[in-house]
Each structure stands twice: as structure tokens, then as C-alpha cells.
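Some notes on the structure that comes next.
The values are calculated or read from the model by the stated rules, or taken from the named source; none is laboratory data. These figures come from a predicted structure and were not determined experimentally. For neighbour counting, all protein chains shown are included, and Cβ atoms are generated from backbone atoms with ideal geometry for every residue, glycine included.
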């Protein structure tokens, strides 16, 4: 409202990604009402469409939905892993939030990514270079952000590994010799290495043992509290969403079907699909 | 000044997955609350007390009506306000203490209590000291302070819950059955703590079934029955 209206960090408007050849009916004939994201006329696939939201500094936003609902697509578009079909995104610390970052040159996108964003993927292989040591991976991110002093880089890398409870003695080992939970923690260290104001977390605990999952979640919560990083947490797991987020967006067939405070989504879901999701929670 | 004005509030749950079954939880609820007042919400289980409280806190979305809250930055309708504004109010003014403790796993009792305090007291050691003092007053054994509350008994959890809700001195407190599973002595301590809050200007909406708590704590009562207000006490008279 009045006081906080313009306080956003990331503003996303009508973000859309379509694979194949859409025609003028594609968007009108897909989505939750049709229970499908495939255009019946052209077979184009609508991965996500008309996604709009504001993320505030230090806020944690959850994106939930079943496999194929478009959750990961949203963050991958914002992290420039994929090209959008339509829509815009503005990031306050970049050009005072006036430029649509999705339409910047590749060079500028790299700058934004290296200085203002971090990403943690479900699969550590997507976020880490397995041919480099764990310290080398962190160094890579720091070098890309313009840090050239070897001493400083090693110092920062060991500080991060310590923070994420990866034994510093193993800084020069390759992540391939680490356990899944440890690889994930190295990936988190790398993602936050240059203190980005914005972090994307894509199903980061999926596939880990429950106790390892718990440690990774605790780490994320701690980082959020201590560093005040704004985060977008993509997960199909409502317990992860409940534990980490303030606000939640529910996606189905590439569209937002509901958004609200996380406790409201969990205790008073409005949309049929959100009700189904919540009632499926163990 | 009124801190809260509820006008013609209703709440209907529409359960899509049960063939659109509709449950009417609240009907035509209207009342006002003065700043610094403690109001007791009474009524049988299922009469809508907790639903009303959750609508005010926005955990439930009201179906119609208004909930005007006089925030420090001006009046705001909690039914329609932007999510970010609500998050802000929850961090700075309004606190909700549910009937049962729900906490993030693997956080120690002391840190659970400090959750809201850490926002205003940046020195974590000092915040923890303050939390320990409060837990001491509430008679929670000191060897539990660093343990995880998930495994605590009902009464122990309740004390953590109450301590967390009141330690940072919220401006408006919604509290659900604060004394339900406590012994007589601890009950008195909790009541005294809430009365202390009131002295410092906090307005409190309190659900309770306990006559003793209501007698000692509240300025007046509002009674609910099947989702409607059936009795409102004003200046000691039922109207």
C-alpha cells in the first residue's frame, strides 16, 4: 500500500515462455481451465504464461505446483538460462529498476547474473563445475564478479565453506568426491559468494535424505536471517515452502492459480487445485 | 480510539474437493475494540472464535465485510490489504499466538521465543538473556532452554508459545487459549504478563474457555454461537 508500494527488489510482469509455434489462440486454449499446457491447434507448449509478481528486499517467495507446472521455467527465465517468449523483469539495483533485464545484451545479462543473483539447482552438476575443486568453483564466481586477488579469493572461499559446514580441508577436492548434501552446500556457497541481493533455489532438497535435507534447509534459513537475501524458492514440497517462505504462488499448467501469504495458502486455500495440493500434504 | 472495527464480516469455506461443499463459519460479525482494551472471545468449540481470529490475522480470507485496523501509519482494511503490507504489520505490530505451538524444527526453545525479539534487539546475546528471564519466570526448567520444543509436553509448549507472542510487546495481540494446559500458579503468571502488556498499551483479543482467566484478564466479553455474535458486554452490562 502507501508506504511500501515502491519498495520492490524484483518486479516481474507477464512472463511467458512458449515452445513451438503458437498462434493467436494458444494462450486462450491452454491453462488450468483446460487442464493442459499444450495448444490443441498448434501443439505449442506453454511452459508458463502471464506470470506477474513483486519480490521485496529480504522476502522469501515460494513457487509451488506439480511437475511440469512451470515452476522451474520461471526462475530459469529470470536467471537467463532460457530466453523468454514475452514479458518483463526489473531489478532495483540494476539501472534503478528501469531496464527490462530480459532484453539486455548477453554481456549485461552476465554482469547482472554475476553481481546481483545467485542460483542453486536441484542437481549440483548444473551449478558446479565438477572438473574444478570446490574452492575453484567458488573462485570462478568471484572472478566473474571482478575479484582478481588470489589471497582474497581463497580467504572468501574458506569463509563460505566454513559457513556452510563443508570441511575447509577439502577445499581443493573436487565436488564429485562429496556426498549429495555436501555438494549442495558447496553449490550454495558458490551462489552466495558475491553477496547477491537475490537468490533462486530450484528444488534444492529434492532427492536428499531427510536428515541431510534438514541441514540444507537450516542453512538456507540461517543465510536468509543473517544476510537478508531475498529468495525465490521453487518446490513441490509444501513442508519446504512452509518452513522457508512468507508468501506463496501456486502454479498449474503454467499459470498462477493463486497467490497469498503462505499461512493463508496452507490453511485457507481458495483455488480448487491449491485445496487439492494442501489436502495431499502428509 | 478504536484499534479495530469489524463490520459485517462473513466467512464461508468453499471446499472444491468435496463437491463444492460450503461451510459457513462466520455470519454478520460486527464489533469494535478500543485501543488498550482486552476483549475475551467466548463460546463453545466450533462457534467460530478461532476463525474470527484467523480472519483478523489474514490466515483466513474473509468472504465479505471489513476489518479496519488502526495501524500506526493509518487505517487499513485487513480483508483487502496487499500481502506485503500484512507481512509488514505482522513484523511490527500484530502478533498471533495460536492454541498449539507450531515451530520451525531444530530451533532451540530460547531462539523460538526470540523469533520476534531478534527484529528489534539486534544483539542476539541480549535478546537470548531476555528470553531466558521470561522462561525462568514461566517456570520452564533451564535444561530445556536449549532443547527443541517439538518433544516438549503440552504445558511446556504452551509457555514457549505465550513467551514468543508477548516478549516483543506487540501493539495488537491475538491470543488463543493462553492458559488452557497450565497449572494454577503458571496460569496466574501468564495472566500477569498479559496485564503488564496492556499497561504498556497493547490491545488484546483473547479466546478462552477458562472462567478464572476471563475474570482476571478481560475488560469485556463477546460471545459467539454458530458463527454469530450472541452477546456483547459493554461497561459491565450485557447487551
message: So residue B:17 ticks every box in (1) touching a helix residue (DSSP H, G or I) at 6+ places or on another chain (Cβ under 7 Å); (2) farther than 30 Å from residue B:215 by Cα; (3) not in a helix (DSSP H, G or I) but one. Which box is left unticked?
response: (3)
- prompt: In segment B:66-82, is there at least one residue being part of a loop (DSSP other than H, G, I, E, B), farther than 25 Å from residue A:241 by Cβ and within 21 Å of the chain's Cα centre (by Cα)?
  reply: yes
message: I'd like to know if segment A:206-214 contains one or more residues that are assigned to a loop (DSSP other than H, G, I, E, B) and within 14 Å of chain B (Cβ to nearest Cβ).
response: no
task: Determine whether residue A:264 is farther than 24 Å from residue A:47 by Cβ, touching a strand residue (DSSP E or B) at 6+ places or on another chain (Cβ under 8 Å) and outside any loop (DSSP other than H, G, I, E, B).
output: no
statement: Flagged pairs (Cβ under 6 angstrom, 6 or more apart or on separate chains; first in segment B:64-83, facing chain A (nearest Cβ under 8 Å); second in a strand (DSSP E or B)) are B:76/B:69; B:83/A:247; B:83/A:261
- request: State all residues of segment A:78-88 that are buried (at least 19 other Cβ atoms within 10 Å of the Cβ) and in a strand (DSSP E or B); if no residue qualifies, say none.
  value: A:87
query: Any residue in segment B:178-186 that is crowded, with 22+ Cβ neighbours inside 10 Å and under 22 Å from residue B:4 (Cβ atoms)?
result: yes
- request: Report the residue count in segment A:50-74 for those that are modelled with pLDDT of 95 or more, surrounded by fewer than 20 Cβ atoms within 10 Å (Cβ to Cβ) and more than 14 Å from chain B (Cβ to nearest Cβ).
  value: 1
- request: Could you list all residues from segment B:127-147 that are surrounded by 14 or more Cβ atoms within 10 Å (Cβ to Cβ) and not in a helix (DSSP H, G or I)?
  value: B:138, B:139, B:140, B:145, B:147
Subset of segment B:149-194 (residues that are assigned to a helix (DSSP H, G or I), free of Cβ contacts under 8 Å to residues at least 40 places away in the same chain and more than 23 Å from residue B:127 (Cβ to Cβ)): B:151, B:154, B:155, B:184, B:187, B:188, B:191
Positions within segment B:107-126 being surrounded by fewer than 19 Cβ atoms within 10 Å (Cβ to Cβ), within 13 Å of another protein chain (Cβ to nearest Cβ) and over 22 Å from residue A:247 (Cα atoms), in sequence order: B:108, B:122, B:124
task: Could you please find all residues in segment B:196-239 being in contact with a strand residue (DSSP E or B) (Cβ under 7 Å, 6 or more places away or on another chain) and loosely packed, with under 12 Cβ neighbours inside 10 Å?
output: B:234, B:238, B:239
field: Filter result for residue B:156 (modelled with pLDDT under 95 and either touching a strand residue (DSSP E or B) at 6+ places or on another chain (Cβ under 6 Å) or within 14 Å of chain A (Cβ to nearest Cβ) (or both))
entry: no
Subset of segment A:244-282 that is more than 9 Å from every other protein chain (Cβ to nearest Cβ) and surrounded by fewer than 19 Cβ atoms within 10 Å (Cβ to Cβ) - its residue that is farthest from residue B:62 (Cα to Cα): A:282
